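To start, the structure itself, in structure tokens.
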Amino acid sequence: MAIETQPERAQGAGGGLPAEGGGGRPWWARPAIHTAIVGAVVGYLLGHALGDYLTGATGAANQYPNVPLSDSEDWPIVLGYTLAIIGWLAGLGVFNDILRQMVGRPISGNGRAHQNSGLARFFRYELDHKVVGIQYLVGMIIYFCTAGLLAMAMRTELLSPVNHVFTSQVYIEIVGEHGTMMMMLMTSVIVGPFGNYLVPIMIGSKRVAFPRIEALSFWLTPMAFLILLSGFMLGGFPFGWTGYAPLSIQATVGADSYAVAFGLMGVSVALAGFNIIVTVICYRAPGMRWGRLPMFVWSMVSTSFLFVLAAPVLFAGMYMLIMDRTAQTAFFEDSLGGSSYLYENVFWFFGHPEVYILALPGFGIVSELIPVFCRKPLFAYKVAGAGMIGVSLLSFFVWQHHLFDSGINPDMRPLFMVTTELISIPTGFIYLVALGTFWKAKIRFRVPMLFCIAMYFNFLIGGISGVYLSDVPADTTEHGSFFVMAHFHYTIMGGLIFAFMAGIYYWLPKMTGIKLNEKLGLWHFWIMFIAFNSTFLPLFAVGDAGQPRRVFEYATNLQGLNDWVSISSYFLGFSILLFVINFVWSTVIVREREVGNPWQSRGLEWQVSSPPPADNFDQIPVVLSSPYDYGVKDAQPVADLHPPAGVVTAAIMSADAARVEA
Ligand SMILES: [Cu+2]
């Protein structure tokens, strides 16, 4: 029943509910990023002081000798981070409306919606999904580049097997920060910017279901990023991105930054996923049946289900780790009756679905874009949808393939070998659909399409090398080596990040009304594609030759290959720099307007102006046909943007009435 409706009256301008009001206060006193920073700093100092007091670190007698405040050093850090997060959110004004409602006062901002203009809104807790999308876009580029620079530091160290740039301690810190930053933040690199910005418009809605939750999911990411980075000031953590116990319990205070930051991201993605699922279920325009849903939206829904199902497990694992480190609980501490093997299982029960949280959005982007540049309908639409759902479901049944060499009951190996290899089938669906769409197509090789084709190429190498790792005999040899590292960089960077780039070149004109420079885009693409393969392909051989992950010394006979890889990685870094230059040059300096539909796309998002109006649509559209009917004779337009009032209102009123009663 709810499918065909959208509650018109709840639609504030700007697609969402109005932001936190100013109430006539000067800009510096109005909640925004500057008050958030103040809140975070004050919160941290308060929390740290409270921790010192509780653990008697201030010299005052330990007030609570019976409470196992085992490790005094961790409590001040953990309480500092916790109150810093609360201070950050309070400074942003996240709690204002909740508190207002609790005391019966009206929520803020009534009648203020149209003030959502100007750059200032991007530095505030804003409730317009388009603003949140742009905030995520800029945030993700900053996080990705920071983690990328750390990778180049690692490659600089590996230029020589014996001469060192860093100490072994600092090297393992950099490895841990790079891996964790990428794995925790890139979970949202596509869902964040494109999911939040485009999904409502693609389904014909003026807003998301939970604008406050959506905005909150973004504002947790800078905090997670900063807390993780602050680990460098606390001596870092020596256990990579996986945080295996007991090392992660015994490690010094830097490990607290890992556990708090990763746990916080678990909250952020669970919130983001919840909002997207409810938005797609409840806010589709009349005619936007599940069988007409754009492939990108399918990928956002399937990824969001992985978010809400897997992220709470991550949060629980990080919470238990923090408790083991501070209050000496014994969840993962073998010597106290806990189990470090339990940690591995809890971590990977999240960790493997996470790799599909990183793959599915990429599948969604390429499946969405190839019909546009092939000028043909998407081949076997339903098979593509089945592929995404199949991958999402199976991703929960394979996690012990990460434990083939670390504690699994040997009798379970065959089962997890089979379930892991089964995933190749729905993944293959995504490729079959692509082959069918490419077949006899007049392909337009524009920059977004080049990135799509490269994504298919890279992910294929990643997928095939994954089959080796899913086989116990081969995995016993490759486990812990650079072969594994090459495999997941082909699937994650080669897949997700190449798809992300395709998405930026394709949708930035929609999101900003500005097109990225095509020439620079072509340079960016070719250098990135060649440098990427030149960096990671040799690592399969280096791994096969036995070079282990996470150590900075290796067999001297492998120096040649390592040097080749390091120099290639600098070119890869340069290609990302070219992208950043193009991004800044096009959007800040040149600002060449692109108001129309540069790709002649049938997508609903391209039927409105670029950028879209504050409300996304003047009125709720009626969807008439599939977004992929390219080259179809007498194809209907994808939607009627100005349907006669009767058509929509009737549907809305009937559903709306039901909603009020509910
Ligand atoms: Cu896995």
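Is one or more of the residues making up segment 418-425 modelled with pLDDT of 95 or more and buried (at least 21 other Cβ atoms within 10 Å of the Cβ)? Steps first, answer last, please.
Looking only at segment 418-425, we keep the residues that are modelled with pLDDT of 95 or more, and these are 418-425.
Checking the rest, the ones that are also buried (at least 21 other Cβ atoms within 10 Å of the Cβ) come to 420, 423.
There is at least one residue in segment 418-425 that is modelled with pLDDT of 95 or more and buried (at least 21 other Cβ atoms within 10 Å of the Cβ).
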What number of residues within segment 393-426 are more than 10 Å from the ligand (Cβ to nearest atom), closer than 22 Å to PHE307 by Cβ and part of a loop (DSSP other than H, G, I, E, B)?
2
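If you check LEU561 against the conditions, is it under 30 Å from LEU159 (Cα atoms), assigned to a helix (DSSP H, G or I) and more than 29 Å from the chain's Cα centre (by Cα)?
On the way: under 30 Å from LEU159 (Cα atoms): yes; assigned to a helix (DSSP H, G or I): yes; more than 29 Å from the chain's Cα centre (by Cα): yes.
Here the answer is yes, as LEU561 does meet what is asked.
Would you mind stating whether PRO312 is open to solvent by 10 Å² or more (accessible area, probe 1.4 Å) and closer than 30 Å to TRP75 by Cβ? Write out each step before concluding.
Working: open to solvent by 10 Å² or more (accessible area, probe 1.4 Å): yes; closer than 30 Å to TRP75 by Cβ: yes.
The answer is yes for PRO312.
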Kindly establish whether ARG325 is buried (at least 20 other Cβ atoms within 10 Å of the Cβ), more than 16 Å from the ligand (Cβ to nearest atom) and of a type in the set (Lys, Arg).
yes
Restricting segment 195-208 to residues that are in a loop (DSSP other than H, G, I, E, B) and not β-branched (Val, Ile, Thr), which is surrounded by the most Cβ atoms within 10 Å (Cβ to Cβ)?
LYS206
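Please determine whether any residue of segment 488-507 is out of contact with any strand residue (DSSP E or B) (no Cβ under 6 Å at 6 or more places or on another chain), outside any loop (DSSP other than H, G, I, E, B), open to solvent by less than 40 Å² (accessible area, probe 1.4 Å) and over 29 Å from LEU578 (Cβ atoms).
Initially, segment 488-507 is screened for residues out of contact with any strand residue (DSSP E or B) (no Cβ under 6 Å at 6 or more places or on another chain), giving 488-507.
Of the ones still in play, those that are also outside any loop (DSSP other than H, G, I, E, B) are 488-507.
Remaining after also requiring open to solvent by less than 40 Å² (accessible area, probe 1.4 Å): 489-507.
Pick out the ones that are also over 29 Å from LEU578 (Cβ atoms) and you get none.
No, segment 488-507 has no match at all.
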Of all residues making up segment 438-456, the number that are touching a residue at least 24 places away in the same chain (Cβ under 8 Å) and assigned to a helix (DSSP H, G or I):
10
What is the residue count in segment 536-558 for residues that are assigned to a helix (DSSP H, G or I) and acidic (Asp, Glu)?
1
Do we find a residue being in the same structural domain as TRP526 (by TED's automatic domain parsing), within 16 Å of the ligand (Cβ to nearest atom) and closer than 21 Å to TYR490 by Cα anywhere in segment 442-450?
no
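Looking at THR476, THR512, THR491, which is the one that is within 30 Å of ASN616 (Cα to Cα) and β-branched (Val, Ile, Thr)?
Values: THR476 fails: within 30 Å of ASN616 (Cα to Cα); THR491 fails: within 30 Å of ASN616 (Cα to Cα).
Just a single option satisfies the conditions, and that option is THR512.
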Checking the condition part of a helix (DSSP H, G or I), within 30 Å of SER575 (Cβ to Cβ), open to solvent by 30 Å² or more (accessible area, probe 1.4 Å) and modelled with pLDDT of 95 or more, which residue from LEU137, LEU149 passes?
LEU149
It is to be established whether one or more residues within segment 359-369 are closer than 30 Å to SER481 by Cα and either surrounded by fewer than 24 Cβ atoms within 10 Å (Cβ to Cβ) or among the small types (Gly, Ala, Ser) (or both).
yes
Every residue in segment 347-381 that is touching a helix residue (DSSP H, G or I) at 6+ places or on another chain (Cβ under 6 Å) and within 16 Å of the ligand (Cβ to nearest atom), please.
PHE347, TRP348, PHE349, PHE350, HIS352, PRO353, TYR356, ILE357, LEU358, ALA359, LEU360
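Take LEU336 and tell me if it is open to solvent by 40 Å² or more (accessible area, probe 1.4 Å), more than 16 Å from the ligand (Cβ to nearest atom) and not aromatic (Phe, Trp, Tyr). Full working, then the answer.
Values: open to solvent by 40 Å² or more (accessible area, probe 1.4 Å): yes; more than 16 Å from the ligand (Cβ to nearest atom): yes; not aromatic (Phe, Trp, Tyr): yes.
For LEU336, the condition - open to solvent by 40 Å² or more (accessible area, probe 1.4 Å), more than 16 Å from the ligand (Cβ to nearest atom) and not aromatic (Phe, Trp, Tyr) - is met.
Could you tell me which residue of segment 152-175 is surrounded by the fewest Cβ atoms within 10 Å (Cβ to Cβ), considering only residues that are part of a helix (DSSP H, G or I) and not hydrophobic (A, V, I, L, M, F, W, C)? Give the derivation first.
So the first thing to find is which residues in segment 152-175 are part of a helix (DSSP H, G or I), and the list is 152-157, 168-175.
Filter once more, so that each one left must be not hydrophobic (A, V, I, L, M, F, W, C): 155-157, 168-169, 171, 173.
Details: ARG155: 19, THR156: 15, GLU157: 20, SER168: 13, GLN169: 10, TYR171: 21, GLU173: 21.
Ranking the qualifying residues of segment 152-175, first place goes to GLN169.
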Hits in segment 614-623 (condition: in a loop (DSSP other than H, G, I, E, B) and either modelled with pLDDT of 95 or more or crowded, with 23+ Cβ neighbours inside 10 Å (or both))
ASN616, PHE617, ILE620, PRO621
Segment 265-309, residues that are surrounded by 24 or more Cβ atoms within 10 Å (Cβ to Cβ) and closer than 30 Å to TRP75 by Cα:
MET265, GLY266, SER268, VAL269, ALA272, PHE307
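The values are calculated or read from the model by the stated rules, or taken from the named source; none is laboratory data. These numbers were taken from a predicted model, which means no experiment stands behind them. Neighbour counts are summed over all protein chains in view; Cβ atoms, including those assigned to glycine, are modelled from backbone coordinates with ideal geometry. Please note that ligands, DNA and RNA were not included when accessible areas were found on the heavy atoms of the full protein model with its side chains. Shrake-Rupley method; radii C 1.70, N 1.55, O 1.52, S 1.80 Å.
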